[in-house]
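Okay, structure first, notes after.
Where a number appears in this text, it was derived from the coordinates with a stated rule and is not lab data. Everything quoted here is computed from the prediction, not taken from an experiment. Heads up, the Cβs are rebuilt from the backbone with ideal geometry, glycines too, and the neighbour counts pull from every protein chain shown.
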Amino acid sequence: MTTGPFLSSHLRATPRNLESLQAAWARMHELGYSPRTTPVAEPEGCTRTRCAGAHHGYPGSEHRWALVDELCGAEIEVYYSHMRDRKGANSAPPRRHKGCPYSGPANAIKRAARYIEIGRPIPAWDTDARAAVPTD
Ligand SMILES: [Zn+2]
Ligand SMILES: [Zn+2]
């Protein structure tokens, strides 16, 4: 299923939000995540600071995003802020969700094979997975 990037209903289509949306959507795909195929009901009473649920569209970095991990098939609810690279002194690549069987350096070969199986390029940041694939 291919659908273009869309914002959660609580976010207005401001230039800033639309710009974040493009970046977030690309990152979500890069990590092998996709939106749920069944729409997720927007949480009731969601505010900037409090939210009990997860959103179907890109919700900004402060709300959870209801996604599917295409690598392992798990339905996950993640903060976009956790999907970004950590910059600075303690830089680190983005991690997969907790408990993901494709997470970490030890699963690099399995992860590389799975990216290929689902037709996604191995992300540039995933040097462990890239190293696991012979390149000529
Ligand atoms: Zn929310
Ligand atoms: Zn997973």
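Taking a ≥ b ≥ c as the square roots of the eigenvalues of the Cα gyration tensor, the chain is classed as prolate, since a/c reaches at least 1.5 and a/b is larger than b/c.
Extension gain, THR37 to PHE6: 0.36 nm times the residue separation minus the Cα-Cα distance gives 9.8 nm. Each of GLN22 and ARG120 was given a label point 7 Å from its Cα along the Cα-to-Cβ line. The distance between the two points is 2.1 nm. Each stretch of four or more DSSP H residues adds -39500 (n - 2.57); spread over every residue of the chain, this sum gives -7000 deg cm²/dmol at 222 nm.
Against the chain, whose longest principal axis is taken from its Cα atoms, helix 108-117 shows a tilt of about 70°. Averaged over residues, the count of other Cβ atoms within 10 Å places the peptides 105-114, 119-128 in the sequence 105-114, 119-128, highest first. In plain terms, the chain from ALA89 to THR47 could stretch by 11.8 nm, reckoned as 0.36 nm per residue minus the Cα-Cα distance. By how many degrees, 0 to 90 and rounded to 10, does the Cα axis of helix 15-30 deviate from the longest principal axis of the chain? Here the helix axis deviates by roughly 30 degrees.
Taking all Cα pairs closer than 8 Å and separated by 6 or more residues, the relative contact order of the chain comes to 18 percent. A full extension of the chain between VAL133 and GLU62 corresponds to an added length of 22.0 nm, given 0.36 nm per residue minus the alpha carbon distance.
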